[in-house]
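What follows is one structure encoded as structure tokens, with my remarks underneath.
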Amino acid sequence: MASRLRWKQDIHEGSSPSSLTMKKILAKVTQPVRERYNKDLEHYKYFCYGFAAGQMEKVYLNVCRAAMLRPAKEQDWYLEEVKFIADNYGLKVTILPSHCPDTPDEIWVHKGEIGEWLQHPVNSPEWHRLRAAACGIPDCDVNYHLREGYGEKAG
């Protein structure tokens, strides 16, 4: 509760919440969701499909140019479903390498052309900025990945 109050106070005062504050808020808010959908593989798959559909809806509605999904290597069932959902929205699916052994593929869902970041060194500030822009993320701290959770597995 104190974290939420501090976050509201930060926003009211015009400053943004710290990344640590945001992590705590998100962890607390998402805990019931993670507990419910991590019970068994069937529930987990439903959650993953819903998440993918939500990301594709944003691309379909032109909220962002692309969405990137990065399933764990054990989730070999995911790509087929993502392609099915993308097809329903009339979107393209492109598979790119992630440069991470735990999540070897990035599944990019998009309408137009993407990949302008491929002209830049992996993990360079420009590489991150262009990827973020494709996903509708405004200019941000492009070195965030070097400080917060880089290489950690979500979930």
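The values are calculated or read from the model by the stated rules, or taken from the named source; none is laboratory data. A quick note: this is a predicted structure, and the numbers were derived from the prediction, not measured. Here the Cβ positions follow ideal geometry from the backbone for every residue, glycine too, while neighbour counts run over all protein chains shown.
Which residue, of K58, K73, is assigned by TED's automatic domain parsing to the domain that holds I107 and in contact with a Pro (Cβ under 9 Å, 6 or more places away or on another chain)?
Matching residue, one of K58, K73: K73.
Condition (residue is within 24 Å of P101 (Cβ to Cβ), of a type in the set (A, V, I, L, M, F, W, C) and touching a Lys or Arg at 6+ places or on another chain (Cβ under 9 Å)) applied to the range 52-67: is it met by at least one residue?
Filtering the range 52-67 down to residues within 24 Å of P101 (Cβ to Cβ) leaves 52, 55, 66-67.
Those still in the list that are of a type in the set (A, V, I, L, M, F, W, C) too: 52, 66-67.
Filter again for touching a Lys or Arg at 6+ places or on another chain (Cβ under 9 Å), leaving 66-67.
Yes, the range 52-67 contains at least one residue that is within 24 Å of P101 (Cβ to Cβ), of a type in the set (A, V, I, L, M, F, W, C) and touching a Lys or Arg at 6+ places or on another chain (Cβ under 9 Å).
Taking into account only those residues within the range 28-62 that are charged (D, E, K, R) and at pLDDT below 80, which is farthest from H110 (Cα to Cα)? Let's see the steps before the verdict.
Narrowing the range 28-62 to residues charged (D, E, K, R): 28, 34-36, 39-40, 42, 45, 57-58.
In the following step, the residues that additionally are at pLDDT below 80 were identified as 28, 34.
On the way: K28: 31, R34: 27 Å.
That would be K28.
How about the range 44-111: which strands (runs of 3 or more DSSP E) wholly inside it have at least 1 residues that are over 13 Å from the mean Cα position of the chain (by Cα)? Walk me through it before giving the result.
Working: elements: 66-69, 92-97, 105-110.
Once the strands (runs of 3 or more DSSP E) in the range 44-111 are filtered for at least 1 residues that are over 13 Å from the mean Cα position of the chain (by Cα), what remains is 92-97, 105-110.
How about the range 112-139: which of its residues are over 13 Å from A67 (Cα atoms) and within 15 Å of the chain's Cα centre (by Cα)?
H128, R129, P138
Which one is farthest from G136 (Cα to Cα) among residues in the range 32-52 that are surrounded by 17 or more Cβ atoms within 10 Å (Cβ to Cβ) and hydrophobic (A, V, I, L, M, F, W, C)? Lay out the reasoning, then the answer.
To start, the set of residues in the range 32-52 that are surrounded by 17 or more Cβ atoms within 10 Å (Cβ to Cβ) comprises 37, 48, 52.
Next cut, hydrophobic (A, V, I, L, M, F, W, C) only: 48, 52.
Working: C48: 20, A52: 16 Å.
Looking at residues that are surrounded by 17 or more Cβ atoms within 10 Å (Cβ to Cβ) and hydrophobic (A, V, I, L, M, F, W, C), I get C48.
Taking the range 28-48, which residues are under 22 Å from V82 (Cβ atoms) and acidic (D, E)?
Selection gives D40, E42.
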